[in-house]
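J.: One structure, pasted below without further comment.
The values are calculated or read from the model by the stated rules, or taken from the named source; none is laboratory data. From a predicted model like this one, the values you see are computed outputs, not experimental measurements. Cβ: placed from backbone, ideal geometry, glycine included. Neighbour counts: every protein chain shown.
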Amino acid sequence: MCATSSSMAPLRTLLCRATRLKSTKNWPRATKFSGANSPGFREYLLKLTNKPAERRAVESQLTFGIECVRSDDTAALKPRIHLYLLKDRNASLDPPLTNLKSKMYRGYAHPVFAKLLMPIDWPADDATNQEILGGGRKVEGTQLPRFIFPLEQDFPIGVPMKDPVWLPVLDNALTGEVLLRSAKCLFMGPDSALECDGYHKGRGGKASIIGMLNFTPRVVCWVVTQVYFALSSKQDWNKTDGEFNYEEFYWTIYGLFDDEDFAQRILGLWDKVVLGNTTSSRAAVAAQPAGPSHLEQLKALRAAKKLATAATTATVNATTIASATPVHAVAATATGPAGGA
């Protein structure tokens, strides 16, 4: 658990006031999830433009808070993630993990972990695992892993990503059981992960502490990134893991939210399943910057689908108008002025 220096108490109070917190006890976690999006916080930072020393102190404390969140979330998922990987909650991993403190036998060294980490357009088999472990295949942050989809999701391996058959796959992104269970662990407490929607045992979890009522795209991306690291064999946190870059991966996932309908549906699902929030009122999500690779191809499919739908609607409307035109009007048009003489 991270602890702050008492000499920074006045600064903590200012930050907590800016983020509308009631106390400074849990301010590091709160600044990560609510500070940057709270009314008045950006204005507060802008006022420090001409106070570089104070601004650096604030930035340092924010960084400290972010590191605390990452450390706490990593510690929460590491010994428990294996419990969330199977459809049957009562089933056990095969082979089992004999050492939960070490991550040596996770990642592509374990068939279940490997399948979940596998990019969606690669076959999830032992041959591919061995290629990855041997360096013959490089997994990059621009590729979408299987764990962000439902455990029983089918992937049309061998079909080009530009084919419309991938559209239903994209629609199911970020709805995976592993993700939602992990999010419940992080925000509602470990005892909530395998329970019903919004369940929490005892005192409120982190979501209650920081006053979080809704998910945002960035928080979802944070959870996805944490889950990826928990599934990997990497023991210590680092921005890169070979060719894989976690920062690049974060922004790839963030790019999925560029479609407003998708964003509203996914965020609503997370609100319901994790927080137990069933209210439908939510502000529109602004379009997000596009991402590369898998994302670009899937987005092109989205655009093509919308164009096709619009064209179909226009055709139906035209047909409806034509069929509704009175017969005498059609006759008059056909005969023209001369016909009426």
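J.: Output the residue which, of all residues in region 134-166 that are of a type in the set (D, E, K, R) and part of a loop (DSSP other than H, G, I, E, B), is surrounded by the fewest Cβ atoms within 10 Å (Cβ to Cβ). So that I can check it myself, show each step before the final result.
T.: If we filter region 134-166 for residues that are of a type in the set (D, E, K, R), which is where we start, we get 137-138, 140, 146, 152, 154, 162-163.
If we keep only those that are part of a loop (DSSP other than H, G, I, E, B) as well, we get 137-138, 140, 152, 154, 162-163.
On the way: ARG137: 15, LYS138: 11, GLU140: 15, GLU152: 7, ASP154: 10, LYS162: 13, ASP163: 11.
That would be GLU152.
J.: What number goes with the only condition from (1) under 21 Å from PHE229 (Cα atoms); (2) modelled with pLDDT under 80; (3) exposed (fewer than 12 other Cβ atoms within 10 Å of the Cβ) that ALA9 does not pass?
T.: Condition not satisfied by ALA9: (1).
J.: Scan region 147-185 for residues that are among the aliphatic types (A, V, I, L, M) and farther than 17 Å from LEU231 by Cα and report the count. Give the derivation first.
T.: Initial filter on region 147-185 (among the aliphatic types (A, V, I, L, M)): 148, 151, 157, 159, 161, 165, 167, 169-170, 173-174, 178-180, 183.
Next, from what is left, pick out any that are farther than 17 Å from LEU231 by Cα: 157, 159, 161, 165, 167, 169-170, 173.
Qualifying residue count, region 147-185: 8.
J.: Can you tell me which of ALA193, ALA230 is under 23 Å from TRP270 (Cα atoms), buried (at least 16 other Cβ atoms within 10 Å of the Cβ) and at pLDDT below 95? It would help to see each step written out before you state the result.
T.: Details: ALA230 fails: at pLDDT below 95.
Exactly one residue qualifies, and that residue is ALA193.
J.: So is GLN130 under 20 Å from the mean Cα position of the chain (by Cα) and surrounded by fewer than 20 Cβ atoms within 10 Å (Cβ to Cβ) or not?
T.: Spelling it out, it is not the case that GLN130 is under 20 Å from the mean Cα position of the chain (by Cα) and surrounded by fewer than 20 Cβ atoms within 10 Å (Cβ to Cβ).
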